[in-house]
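Chemist: Once you've had a glance at the structure underneath, I'll fire off some questions.
The values are calculated or read from the model by the stated rules, or taken from the named source; none is laboratory data. Note that the coordinates shown come from a computational prediction; the quantities given were computed from them, not determined experimentally. Cβ: placed from backbone, ideal geometry, glycine included. Neighbour counts: every protein chain shown. Calculation scope for accessible area: heavy atoms of the full protein, side chains included, ligands and nucleic acids excluded. Shrake-Rupley method; radii C 1.70, N 1.55, O 1.52, S 1.80 Å.
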Amino acid sequence: MNRGKQPSLTQLRAFAAVAEHLHFRDAAAAIGMSQPALSGAVSALEDALGVQLVERTTRKVLLSPAGERLAARAHAVLRAVGALMEEAEAARAPFTGVLRLGVIPTVAPYLLPTALRLVQDAYPDLELQVHEEQTASLLDGLTAGRLDLLLLALPLGLPGLMEFPLFDEDFVLVTPESHPLGGRPDIAPGALRELPMLLLDEGHCLRGQALDICREAGRGDDASVTTTAAGLSTLVQLVAGGLGVTLLPRTAVEVEAGRGGLKTASFAEPAPTRRIALVARPGAARQAEFAEFAGALREALRPLPVRIAS
């Protein structure tokens, strides 16, 4: 083989067409080349490979033994190139291929049903893969390229990321049914100063947000918090059991606080809130796609008890 030359795709297509049709004129017509150009491409391929591929006679075209062996290889290469071009086309088309979405546990059960319906209805060619993890793990996955897009609470304390705000939602106080604050529509944040507060375990961003709310209400550090839970479902069960009170985002109330033995109380304005957003890497290739998805998700979330971001 002449190692100074490499076969071109044009040469491989010409040879594959000749191997299929065993006729130069028919092969040329099949791939839209002139017959002289086709013949020249096959000759150039033979020169590049250093073997004779085709036996030319006045009446017919035959493949040489080497041509018989290499025809299958040429077809395989052309199929692989075709698959590559199809994959590139899919990558260029919005809302196709795989989207690896990371979601925090205090959002996933309440927003994922809406997000999944949106994807199924509006983006049927999008393969959504969902990963539920705590915020720190999600951010590591995003920066490392393991995840493409995150659905979580702001602020993140990590500069430079692209944020697509979705909505703001109030926190409510969840109490045992017999608690004097249960069901109140306008409790003052200062009421949190002396209440036995139950929180999520370390690592949940909702724990930090709840502690911030307590501090703003004039409460000291969390030294008095002796009972924690790994998830909101366990947390509200502890409240129903009389171990204390807790704070829930309003989107979680219907799912988590609808059981017996509980009441919810709303804060007077301005109520403590959290902001939920989609987050992506800066300069992400799918930035326009993510922005469009965020807009569609905002509209889909309007029925929830939230204030949609503008």
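Chemist: Gln52 to Ala91: FRET efficiency via 1/(1 + (r/R0)^6), r the Cβ-Cβ distance, R0 45 Å, to the nearest 0.05? Working shown, then result.
Modeler: Values: r = 40 Å, r/R0 = 0.88.
Result of the calculation: an efficiency of 0.70.
Chemist: Still on this structure, please answer the following. Report the Cα-based extents of segment 152-274 along its three principal axes, largest first, to the nearest Å.
Modeler: Computed over the Cα atoms, the extents are 47, 28, 26 Å.
Chemist: Oh, and also: Hey, any idea what % of the chain's accessible area is carbon plus sulfur with a 1.4 Å probe? Please report the intermediate quantities before stating the final value.
Modeler: Numbers: 8150 of 15670 Å².
Carbon plus sulfur share of accessible area: 52 percent.
Chemist: OK, next. Working with all protein chains in place, sort Lys60, Lys263 by solvent-accessible area computed with a 1.4 Å probe, largest first. Walk me through the numbers before you get to the answer.
Modeler: On the way: Lys60 120, Lys263 85 Å².
Result, largest first: Lys60, Lys263.
Chemist: Percentage of Cα-Cα pair distances in segment 107-213 greater than 24 Å, rounded to whole percent?
Modeler: The share of Cα pairs beyond 24 Å in segment 107-213 comes to 42 percent.
Chemist: Quick one: what does P(r) look like for segment 46-101 with 10 Å bins over all Cα pairs, in whole %?
Modeler: 20, 30, 21, 15, 12, 3, 0
Chemist: Taking 8 Å as the Cα distance limit and 6 or more residues as the minimum spacing, I'd like the relative contact order of the chain as a percentage. List each step's numbers first, then the result.
Modeler: Details: 493 pairs, mean separation 61.8, N = 310.
Contact order relative to length: 20 percent.
Chemist: Now, a different point. Per-residue ellipticity at 222 nm for the chain, helices alone: DSSP H runs ≥ 4 residues times -39500 (n - 2.57), over residue total, nearest 500 deg cm²/dmol?
Modeler: Working: 10 runs with 128 residues, N = 310.
Result for the chain, helices only: -13000 deg cm²/dmol.
Chemist: Then there's this: Could you work out the mean projected area of the convex hull around the alpha carbons of segment 72-161, in square nanometres to one decimal?
Modeler: Mean shadow area of the hull around the Cα atoms is 7.9 nm².
Chemist: I would also like to ask the following. Over the chain, with the other protein chains present, what is the accessible area per residue in square angstrom, probe 1.4 angstrom? Don't skip to the end; give the middle numbers.
Modeler: Values: 15670 Å² over 310 residues.
Solvent-accessible surface per residue comes out at 51 Å².
Chemist: For semi-axes √(5λ) of the Cα gyration tensor in Å, which listed value, (1) 67, 17, 15; (2) 32, 28, 15; (3) 36, 21, 17, comes from the coordinates shown?
Modeler: (1)
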